[in-house]
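Engineer: One structure follows; several queries about it will come next.
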Amino acid sequence: MAFVIKGGDGAIYDLQTLLRSVLPEQGISRDGIFGAETEQAVRAFQQKKGLKVSGIADQETWEALKKEYMEREIYRAPAEPLLLILQLIRKGESNLHLYLIQGMFQALGQLDADVPTVTVNGELDGDTALALAWLQRLGGLSETGELDKNTWRHLAKQYRLMTGDGTGKI
């Protein structure tokens, strides 16, 4: 069996994952082996996309397969609820999640003047720590001014309850 895939040991698994997504009717296994089943799926994909049908997962086939996968699984997929993988973020630390947290505080401040003002900077600075402590106090949580999973859950719930569909109407 012939294939041209550059990558680590998982490259065949990746190829099979993409093929399973874009050609579910093929029902190929995800076994990490480039056997007859995988070669036939590559041929079917190449034919579907008007590529040279060789059964070889060359660069052109790989790029077309990735593009099809992205369009199918990511760009057109239904929206998912946002579940952050969140570890404890302490005062003075930077974290990309803080941009979202700070933006949520700013949006809530548009609806309730009591919400502390924060700057969106991705850092758990003094103002953000005060806002988190304020939220923790309201939620009956320990007032640490740090961002942990319980504080995130409380903020997410308050945000959903206060903003509704985003128009500020509940």
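Engineer: Among (1) within 26 Å of the chain's Cα centre (by Cα); (2) within 30 Å of residue 147 (Cβ to Cβ); (3) part of a helix (DSSP H, G or I), there is one condition residue 17 misses while meeting the rest; what is its number?
Structural biologist: Here residue 17 clears every test but (2).
Engineer: Return the only residue of 122, 164, 145 being under 19 Å from residue 97 (Cβ atoms), more than 21 Å from the chain's Cα centre (by Cα) and without any contact (Cβ under 8 Å) to a residue 60 or more places away in the chain.
Structural biologist: Exactly one of 122, 164, 145 is under 19 Å from residue 97 (Cβ atoms), more than 21 Å from the chain's Cα centre (by Cα) and without any contact (Cβ under 8 Å) to a residue 60 or more places away in the chain, namely 145.
Engineer: Residues to consider are 145, 139; find the one that is of a type outside the set (A, V, I, L, M, F, W, C), out of contact with any Pro (no Cβ under 6 Å at 6 or more places or on another chain), on the phi > 0 side of the Ramachandran plot and surrounded by 13 or more Cβ atoms within 10 Å (Cβ to Cβ).
Structural biologist: Values: 139 fails: on the phi > 0 side of the Ramachandran plot.
Within the list 145, 139, the selection yields 145.
Engineer: Tell me whether the range 119-136 contains one or more residues that are in a helix (DSSP H, G or I) and at pLDDT below 95.
Structural biologist: Filtering the range 119-136 down to residues in a helix (DSSP H, G or I) leaves 126-136.
Applying the additional criterion that residues be at pLDDT below 95 yields none.
No - not one qualifying residue is present in the range 119-136.
Engineer: Follow-up. Just name the residue that is surrounded by the most Cβ atoms within 10 Å (Cβ to Cβ) out of those in the range 29-57 that are over 26 Å from the mean Cα position of the chain (by Cα) and under 11 Å from residue 15 (Cα atoms).
Structural biologist: Going residue by residue through the range 29-57, those that are over 26 Å from the mean Cα position of the chain (by Cα) are 33-57.
Within this subset, residues satisfying the condition of being under 11 Å from residue 15 (Cα atoms) are 33-34, 38-39, 41-42, 57.
Details: 33: 13, 34: 20, 38: 24, 39: 18, 41: 25, 42: 30, 57: 25.
Across the range 29-57, the extreme among qualifying residues is 42.
Engineer: Looking at this structure, is residue 155 more than 30 Å from residue 18 (Cα to Cα) and touching a residue at least 12 places away in the same chain (Cβ under 8 Å)?
Structural biologist: Taking the combined requirement at face value, the residue satisfies it.
Engineer: Here is a further query. In the range 73-80, is there at least one residue being without any contact (Cβ under 8 Å) to a residue 40 or more places away in the chain and either in contact with a strand residue (DSSP E or B) (Cβ under 7 Å, 6 or more places away or on another chain) or on the phi > 0 side of the Ramachandran plot (or both)?
Structural biologist: no
Engineer: Follow-up question, since we're still on this one. Every residue in the range 35-63 that is at pLDDT 95 or above and among the aliphatic types (A, V, I, L, M), please.
Structural biologist: 41, 42, 44, 51, 53
Engineer: On the basis of being touching a helix residue (DSSP H, G or I) at 6+ places or on another chain (Cβ under 8 Å) and modelled with pLDDT under 95, does residue 158 make the cut?
Structural biologist: So residue 158 passes the test.
Engineer: Determine which single condition residue 14 fails, assuming it passes every other condition in (1) at pLDDT 90 or above; (2) open to solvent by 70 Å² or more (accessible area, probe 1.4 Å); (3) in contact with an Asp or Glu (Cβ under 9 Å, 6 or more places away or on another chain).
Structural biologist: Going through the list (1) at pLDDT 90 or above; (2) open to solvent by 70 Å² or more (accessible area, probe 1.4 Å); (3) in contact with an Asp or Glu (Cβ under 9 Å, 6 or more places away or on another chain), residue 14 breaks only (3).
Engineer: To continue, here is another question. For residue 117, all conditions in the list (1) open to solvent by 80 Å² or more (accessible area, probe 1.4 Å); (2) of a type in the set (Val, Ile, Thr); (3) farther than 30 Å from residue 146 by Cα hold save one; what is the number of the exception?
Structural biologist: (3)
Engineer: Now for a separate question. Being modelled with pLDDT under 95, open to solvent by less than 50 Å² (accessible area, probe 1.4 Å) and of a type outside the set (A, V, I, L, M), is that true of even one residue in the range 68-81?
Structural biologist: Within the range 68-81, the subset modelled with pLDDT under 95 is 68-81.
Cutting the leftovers down to open to solvent by less than 50 Å² (accessible area, probe 1.4 Å) gives us 68, 77.
Imposing the further condition that a residue be of a type outside the set (A, V, I, L, M) reduces the set to 68.
Yes, the conditions are met somewhere in the range 68-81.
Engineer: Within the bounds of the range 85-102, is there any residue that is free of Cβ contacts under 8 Å to residues at least 24 places away in the same chain, closer than 30 Å to residue 24 by Cβ and in a loop (DSSP other than H, G, I, E, B)?
Structural biologist: Among the residues of the range 85-102, at least one is free of Cβ contacts under 8 Å to residues at least 24 places away in the same chain, closer than 30 Å to residue 24 by Cβ and in a loop (DSSP other than H, G, I, E, B), which makes the answer yes.
The values are calculated or read from the model by the stated rules, or taken from the named source; none is laboratory data. All figures in this text were calculated on a predicted structure; none of them were measured in a lab. Neighbour counts are summed over all protein chains in view; Cβ atoms, including those assigned to glycine, are modelled from backbone coordinates with ideal geometry. Surface areas here come from the heavy atoms of the whole protein model, side chains and all, with no ligands, DNA or RNA. Shrake-Rupley method; radii C 1.70, N 1.55, O 1.52, S 1.80 Å.
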